[in-house]
1. Considering Cα pairs under 8 angstrom that are at least six residues apart, work out the relative contact order of the range A:409-511 and quote it in whole percent.
2. Just to check I understand the Karplus step: with θ = phi - 60° and J = 6.51 cos²θ - 1.76 cosθ + 1.60, what whole-Hz values come out for the range A:409-426, glycine and proline as x?
3. Considering the dipole of chain A built from charges on the beta carbon (Lys and Arg +1, Asp and Glu -1) around the Cα centre, which of A:Tyr219, A:Ile89, A:Thr390 is farthest to its positive end?
4. Rounding to the nearest 10 and keeping the result within 0 to 90°, find how far the Cα-based axis of helix A:155-169 lies from the longest principal axis of chain A.
5. Quick one: the Cα spread of the range A:49-140 along its three principal axes, in angstroms, biggest first?
6. Each residue of the range A:332-345 in order: what ³J(HN,Hα) in whole Hz does its phi give by Karplus 6.51 cos²θ - 1.76 cosθ + 1.60, θ = phi - 60°, with x for Gly and Pro?
7. Quick one: putting +1 on the C-beta of Lys and Arg, -1 on the C-beta of Asp and Glu, what dipole do you get for the range B:41-129 around its Cα centre, in Debye to the nearest 20?
8. Run the helix sum for chain A: -39,500 (n - 2.57) per DSSP H stretch of 4+ residues, divided by residue count, reported at 222 nm to the nearest 500 deg cm²/dmol.
Amino acid sequence: MIEHQFWGAVLRVMQAVAQASPFILTGLIITAVFRRLLGQANVRYLFGEGTRRSLPQAWAMGMLLPVCSLGVIPIVREMKRAGLSGGTILAFGLTAPLFNPLSVLYGLTLSEPFTIFAFMLASLVVVTCIGLLFDYCFPNSTHAEAEPAPVQWGIKRVLAVLGTMGRECWSRSTLYMLVGLSGLIVLSVVLPKASFQSSVNADNPWAPLLMTFVAVPAYATPMLAMSQLGSMFQHGNSVGAAFALLILGAGLNFGIILWMFQAYGGKRALAWMGILLGVVLGLGYTLEKPLTPTDIEVANHTHAFDVYCCPYAGNESRLGEETWRAFRNDLRPEESISLYALLAAFLLGLGWLLLERRYDLERWLSSIPEEHARGVKLDFVLPNWILGATAIVALFIMSIAMCFAYYPPPGECLDEMYIVKGEVLSSALSQNYAHALHWLPVWEDWNRRLQVGVYLRKGRLSEYHRMKARVVQNELELLEHAMEDDERDEIRQLTTGLARAQLRLSRAYREEL
Amino acid sequence: MKLSGCINVVFSLCGCWLLMGCQTDSEEHGHEIPAHKPASFYRAADSLNKRWSVCDNWSAEDRQQFVDIAGWLPELAAQTELSRLEWERVQELSQTLLAEVQNRQDKNVAATLTRLLTELADLAETAARVDQFHSQLPEKPSDD
């Protein structure tokens with residue numbers, strides 16, 4: 001049993017590192033740009049420090065920048081170094097991992113887009129209330145640290161940004177991230193396989209509270225949290241629990257909590273946590289009734305939280321191989337690339353630290369190039385803050401542009417679904433359930449991307465097209481359950497129904513848009 | 001560090017305590033499908049027409065089942081070869097049926113509902129006619 005729990009925890013941590021890697025990389029880039037190009041004064045200006053709009057501004061910045069609750073750690077540390085107030089930092093730190101353009105678009109095409117708007121506004125209420133209270137109760141939370149000398153132009157600016165990214169990998173940020181991942185180990189050990197399927201049903205008054213205890217140690221990327229929200233709405237689970245999952249599951253982890261204790265002290269951190277949990281639970285219970293969808297058939301379970309439970313039931317063998325196989329199967333191409341990039345950042349950081357032992361790199365970075373000092377160069381040198389602002393704006397633009405790549409046009413989605421359909425149906429019929437169950441979420445994912453892709457390009461998605469996709473989704477869920485229960489007659493019937501539903505979906509999206 | 005370690009332990013213990021009720025849920029999977037949910041759009045239209053013909057003797061349960069079936073119409077129609085325009089008409093019919101069934105005692109409303117159900121039956125016939133998989137028509141007589 002201990003062996004299963006060990007390998008289960010290993011798999012969950014590996015999966016989380018892979019999912020987090022693009023966001024950690026983004027977090028490192030933002031941190032380096034803040035420190036080396038923007039500078040402390042401009043970072044304070046960017047977040048409206050000292051003005052009334054600082055909290056909503058931090059919320060808006062958090063909405064646009066694509067980071068998760070691990071990737072945000074180096075950024076909040078840099079914000080603290082820049083002398084921003086605790087309320088503003090915590091508002092940004094809590095919002096940035098909740099939403100990004102990709103996940104908001106995903107949420108808006110769910111059956112209840114109003115709920116997503118309500119959740120977004122509720123998150124603004126949460127961060128504003130907590131930020132105001134924090135700054136009111138603890139007014140002296142700002143403390144700017146010494147700033148490195150400005151980097152001079154040319155290749156030095158690029159090297160300074162890369163070097164800062166690398167150095168940050170070998171800083172306490174990584175320690176906090178590892179502590180953040182420890183929550184997954186706790187959950188994997190505490191929660192047996194598939195044990196959280198019916199715990200947050202809408203008729204359970206404890207559901208928001210229960211979810212709070214699971215969501216704090218859990219780690220969820222913005223997209224994972226949004227897809228779990230979608231699954232919860234679809235299955236008629238508790239809306240209050242969904243809200244707690246979004247704010248605490250995506251926004252918080254043990255690493256951020258530890259950082260808070262070290263940065264602000266136990267009293268302030270406990271006060272902030274207390275207010276946060278109180279506001280989230282209060283809002284969760286308030287939203288429960290008005291936002292519960294009325295047009296869905298309530299299911300008595302959900303698979304959305306299987307990812308937080310131990311992946312092994314206890315009857316598997318060769319767990320090491322199985323863990324590696326499961327990790328490789330779940331690894332997406334963008335995660336794979338980000339993992340290599342992250343590895344490169346770590347190596348670069350190591351090299352930078354070793355070089356710093358022998359040479360004064362800071363002095364070299366801040367020294368004016370000789371040819372310019374002699375007045376040979378006549379070209380105009382852009383100030384660092386312009387490059388920094390451009391980099392941040394480029395990140396905003398990229399996070400929006402990436403939506404078009406992540407949610408391709410319907411034709412591409414349907415071509416992918418056609419391939420996945422073959423894998424699922426053939427393996428389900430030949431009783432190769434493990435293979436079918438691996439591909440089934442991929443089919444579900446493309447089904448969602450298809451809808452979001454149309455919404456993104458047309459500005460709306462008709463009820464007709466939503467319903468065609470919902471039929472496929474329902475059939476996929478039924479097939480999943482039938483395979484889990486080895487109901488062979490039902491599987492045969494469902495594969496036929498699914499093939500027809502997919503054909504109708506394809507016709508609707510290709511010919512009737 | 002000591003304080004944060006304590007926090008980790010507190011969270012873990014609280015989590016363990018709250019999750020004591022989480023049993024491994026491996027025996028029962030699946031979504032409960034109500035017994036009165038028709039298998040196809042054709043059957044749903046047929047069932048609604050039959051139920052409507054005896055609406056004078058409805059119990060509260062009969063009325064609720066009629067409402068349920070009317071609510072399922074868009075989903076069932078999406079499982080047919082009906083075109084987008086035809087499906088949107090089914091959706092409108094469903095919404096009107098749901099809105100007006102409360103006032104079925106009113107003569108004008110009753111006449112309207114009868115007309116809507118006739119139109120629904122026509123659409124169901126169309127769906128059965130264009131059904132390339134022959135999945136709409138019942139293989140055996142409906143229980144309704």
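Read-outs: derived from the displayed coordinates by stated rules, not from any lab. This structure is a prediction, so every number in the text was calculated from the model and none was measured. Positions of Cβ are generated from backbone atoms using ideal geometry, with glycine treated the same way; all protein chains shown enter the neighbour counts.
1. 31
2. Residue by residue, the range A:409-426 yields x, x, x, 5, 4, 5, 5, 5, 5, 4, 5, 5, 4, x, 4, 5, 5, 5 Hz.
3. Highest projection toward the positive end goes to A:Thr390.
4. Here the helix axis deviates by roughly 60 degrees.
5. That gives 45, 24, 18 Å along the principal axes, largest extent first.
6. 8, x, 5, 6, 4, 5, 5, 4, 5, 5, 5, 4, 4, 5
7. Dipole about the Cα centre, nearest 20: 140 debye.
8. Only helices count here, giving -23500 deg cm²/dmol.
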